[in-house]
1. Using Cα pairs under 8 angstrom and six or more residues apart, how large is the relative contact order of segment 514-635, in percent?
2. Can you match Cα Rg over 2.2 N^0.38 Å to one of these, [x] 0.98; [y] 1.25; [z] 1.32, based on a calculation from the structure here?
3. Taking neighbour Cβ counts within 10 Å as the exposure measure, how do Lys526, Lys423 sort from fewest upward?
4. Compute the length gained on full extension between Ser261 and Gln331: take 0.36 nm times their separation in residues and subtract their Cα-Cα distance, giving the result in nm to one decimal.
5. State, to one decimal in nm, how far the label point of Glu177 lies from the label point of Leu369, with both points 7 Å from Cα in the Cβ direction.
6. Looking at the P(r) of segment 267-370, how many percent of alpha-carbon pairs lie beyond 24 Å?
7. With only Lys, Arg, Asp and Glu charged, each at its Cβ (+1 for the first two, -1 for the last two), find how big the charge dipole of the chain is about the Cα centre; round to the nearest 20 debye.
8. Antiparallel versus total DSSP beta bridges in the chain: what percent is that, nearest 5?
Amino acid sequence: MLQILRNKAQSTIIQGVVLVIALVFIFWGVGTNMMQSGRDAAILVNDQEISFQEFQQRYDQTLNDYRRQFGDAISDEVLKGLGVKQQVINQLTQSALLRQGTQAMGIMVAPVEIQTTIQKMPHFQKDGAFNLEIYKALLTANRMTPHSFEASISEDLLTQKGLAAINSFAAAVSDTEINEAYQREQETVTVNVVKVSPDLFLNTIVVDGKELAEWFETEKNRYKGEQKIKVKYLPFLYKSAMAGIPISDEQILARYEKEKSTYQIPEKRQARHILFKADKTSTAEQHAAQLKNAEDALAKARAGKDFSTLAKTLSEDTSKTRGGDLGAFAQGRMVKEFDDAVFSMQSGAISDIVKTAFGYHIIKLEKILPATTRSIEDVRAEIISALQSEQAQPATFQLANTAYEDIIAAGSLQAYADKHTDKSVVTTDFFSRSALPADLESDPKFVDTVFSLKQGELSSLIETPSGYFIVFTETIQEPTLPTLDAVKERATQDYRLAKARKMTQETAQAFLTKVTSGADMAATAKEAKLTILKSGPLRKNNPAPDPALPASLVEQALRLGPKTPFPRAPLTVSEDHYILQFVERKVPDPATMSEAVKKEYQASLLQQKQDRLLGAWLKHQEKDSTIVTSKNLLN
């Protein structure tokens, strides 16, 4: 949350990313009241109103940010789980609180500051100087009033000043703090590991018939089958109505012109790269070595060595098998540093070394694919389908609704079918939720509705993504409990696994009890026919997995020491149990820390201090404020 707010303090407007810009110019007046009508207030923070338009703009921007980060394929369900709406409400509320608190400190934004900021924006400049004609052209093109941009600039500058004022109270990090953080992050622990798994016992279990029968009696509900139903239904599908809807050339042209922007294919660039991996968990020495490797590779590439061959032999990215080829991609699909480099290059050029979170890259731009717009002929079929679909939906509803009224009038679905022989009533065999008939709608809401019907009950009109259905439940077949003989093979496997799991837990606990009581680890393992593995040095956030220990247990291993050499209980991952024994801990000497690493820790710790301070300050502001969120926004 705080990082998002911090990023917003230097908005896309201030940074000059003015792709779609709400323009205002200081020379036509500063300080205009930009308050929206209370009827348009999405959020009220004390006496400041935040409009639904402002909320929607930030909401759309946040969604686009997520899609750029995770790809366009991110589903609406995932986005819902991320709580994007509440994120945006929090961002806008906290931004308003920050500005209001800044003003309460007596901090203001002078008109000349806004003027200077606008004059420095490269998008309004020609030959390095502000150009009024360019400004006017952008203003006209975006159909914006001359005040919204001024307000945005003023708000951004005020936010920056507020952050600077708050951060000034957390402006220093001591050497002691840096040394402690370095030791905490870089210390390593080595442990002995004993793994106890159900696989060790499965083949030793002898199945006793009486015990199996007793176990089955307690577990038989898990073998209970699903409820099955048999239904009759009448479908009204959009696709059936679409085929008969004529679409004229005039309609196609009008839709094409209206939505022409959606048919634009952005400029793409095809590039190759050579990657030398180094991330935030790599040491300064590793970074230096990889940078040197990148410098050597760059020299070879610029000396005329075939870039594809160099990538195949030197790159540490999976693209090396394709000679480093990343294919064609649009702007915004790669990490920022890589993206900025590629889209500033000329075709055939080789970049300088580009550092990203993944490491050090050398990029060759193979080809620039200019932006194009798909022709009306290319999208003709799509437009026809879209127009037919739009017209088919109300027409389909009307047909379904008329049929439903006729069914009620006739007294039953069967009576309706007898009277309307042209209507195809479908009769199914028995089916369950997990095995639907191929032609029946699989939409979860539809399935829930169908399985909620009682025997002999007619549904109301059920809307689905593909159309409407009217369903009559003929027969419900309740699930039955099978006999042991009917599921004996499966039950036997489950019984053996259950016993193996219990033996695993008991063996692991007995082993831990014995060694914590003073028994020798090696002798105890030998007696129990278990193997001891010694881990390598385990470090917090270590990117390299250790074959002896799952990554999820590293944190617990780091808690062990000479006074507590064993965990209190066996540690579990899935069905496996682990017993750990502390061997040694190595704490690095801060004196060995390079200046570059020290600066990284200093910056990180300072950021953490400032974030905590900002968080506490905002919490205090919120406590003393009146914040009202529109019910329409929360629905």
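1. Values: 59 pairs, mean separation 14.7, N = 122.
RCO, segment 514-635: 12 percent.
2. Only one listed value fits the structure, namely [z].
3. Numbers: Lys526 12, Lys423 16.
Ranked by crowding around the Cβ, least crowded first: Lys526, Lys423.
4. Numbers: separation 70, 0.36 × 70 = 25.20 nm, distance 1.68 nm.
23.5 nm is the gain from fully extending Ser261 to Gln331.
5. Output for this residue pair reads 4.9 nm.
6. Of all Cα-Cα pairs in segment 267-370, 16 percent lie more than 24 Å apart.
7. Working: 75 positive and 79 negative charges, 309 e Å.
Rounded to the nearest 20 debye, it is 1480 debye.
8. Details: 65 of 65 bridges.
Once the DSSP bridges in the chain are tallied, antiparallel ones form about 100 percent.
Each reported figure results from applying straightforward, stated rules to the coordinates on display, with no laboratory input. Because the structure is a prediction, the values reported are computed rather than measured. Cβ: placed from backbone, ideal geometry, glycine included. Neighbour counts: every protein chain shown.
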